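Chemist: Please find one structure pasted underneath; my questions will follow.
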Amino acid sequence: MTVRQFFKSNAFKSLAVLIAIVLVAGGLLAIFNDLLYISDEERLNRTLSSIYGEPVTAEEVTLDDADTETPYGTVNAAYYIVDDGNYLLQSTGTGGYQNGTVTLWTALTCSGTPENGLALTGIRKVVYDSNINQSWIGKIEPSFYDFFAEQDELIADGGYFTAIRDDTGDLNNVQTGATGASNAICNAVNSALCYFRTILTGGNA
């Protein structure tokens, strides 16, 4: 078969069609990749917006490993919410069932700025993240997490939470059948409160 015959053959025509399809598909893919591209920053902001409950722009707070340990657990991440000046912290509380832990996101409300009298005023919301060895955590009702956002006055006064079953004291009226998980949840929130009070504001626990 000569070169001229090859270019006129059905095999060449089929090959040309396939090459054209590949080129067009590749071009369209490149265009859609540009149009639909989501940066790591935007992906993070979408995740944090889902946790926070509304669209937000957040800036990560650099954590010093020496400061992340608290008497209640560990602070894993912290973000400054640019839109309203609040903070969103991920923390892990210890003291759960069989020495397990619970990790939560705690949205803290505050007034002022780090340069001008930053102060904790309350909790916006608490969102469950994960746990280790807390087999009874399924007993925790949504109202259990909502409770933390209903204690602004007490939090502003410097209080912390304790999981004392059937107690009705100011910050101790957290009740659940899963006592160990309850304790770890309280400690996760306490870790966020402690970090804010001792590190973000430079105050004392």
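Condition check ((1) touching a residue at least 60 places away in the same chain (Cβ under 8 Å); (2) closer than 14 Å to residue 107 by Cβ; (3) part of a loop (DSSP other than H, G, I, E, B)) across all residues:
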site	(1), (2), (3)
45	no, no, no
56	no, yes, yes
62	no, no, yes
66	no, no, no
84	no, yes, yes
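Chemist: Here is a follow-up. Can you tell me how many residues within region 48-73 are polar (S, T, N, Q) and open to solvent by less than 40 Å² (accessible area, probe 1.4 Å)? Explain how you work it out, then say what you get.
Modeler: Our first condition is that a residue be polar (S, T, N, Q); within region 48-73, this holds for 49-50, 57, 62, 68, 70.
Retained after the next criterion (residues that are open to solvent by less than 40 Å² (accessible area, probe 1.4 Å)): 49, 68, 70.
Here the count works out to 3.
Chemist: Among the numbered criteria (1) assigned to a loop (DSSP other than H, G, I, E, B); (2) farther than 14 Å from residue 122 by Cβ; (3) at pLDDT 85 or above, which one does residue 145 miss?
Modeler: (1)
Chemist: Looking at residue 76 and the list (1) within 18 Å of residue 196 (Cβ to Cβ); (2) crowded, with 22+ Cβ neighbours inside 10 Å; (3) assigned by TED's automatic domain parsing to the domain that holds residue 181, which single condition is not satisfied?
Modeler: Checking residue 76 against (1) within 18 Å of residue 196 (Cβ to Cβ); (2) crowded, with 22+ Cβ neighbours inside 10 Å; (3) assigned by TED's automatic domain parsing to the domain that holds residue 181, the one that fails is (2).
Chemist: Tell me yes or no: at least one residue of region 112-121 is open to solvent by 20 Å² or more (accessible area, probe 1.4 Å), in the same structural domain as residue 193 (by TED's automatic domain parsing) and not in a strand (DSSP E or B).
Modeler: Yes, some residue in region 112-121 is open to solvent by 20 Å² or more (accessible area, probe 1.4 Å), in the same structural domain as residue 193 (by TED's automatic domain parsing) and not in a strand (DSSP E or B).
Chemist: Select from region 23-47 the residues that are open to solvent by 100 Å² or more (accessible area, probe 1.4 Å) and more than 30 Å from residue 90 (Cβ to Cβ) and write down the one among them that is modelled with the highest pLDDT.
Modeler: Taking region 23-47 first, the residues open to solvent by 100 Å² or more (accessible area, probe 1.4 Å) are 23, 29, 32, 34-37, 40-41, 43, 46.
Among the residues that remain, those that are also more than 30 Å from residue 90 (Cβ to Cβ) are: 23, 29, 32, 34-35.
Values: 23: 75, 29: 72, 32: 57, 34: 56, 35: 55.
Across region 23-47, the extreme among qualifying residues is 23.
The values are calculated or read from the model by the stated rules, or taken from the named source; none is laboratory data. Since this is a predicted model, take the numbers as computed values, not measurements. Because the Cβ atoms are built from the backbone with ideal geometry, glycine has one as well, and the counts that use them run over all protein chains shown. These area figures cover heavy atoms from the full protein model, side chains too; ligands, DNA and RNA do not enter into them. Shrake-Rupley method; radii C 1.70, N 1.55, O 1.52, S 1.80 Å.
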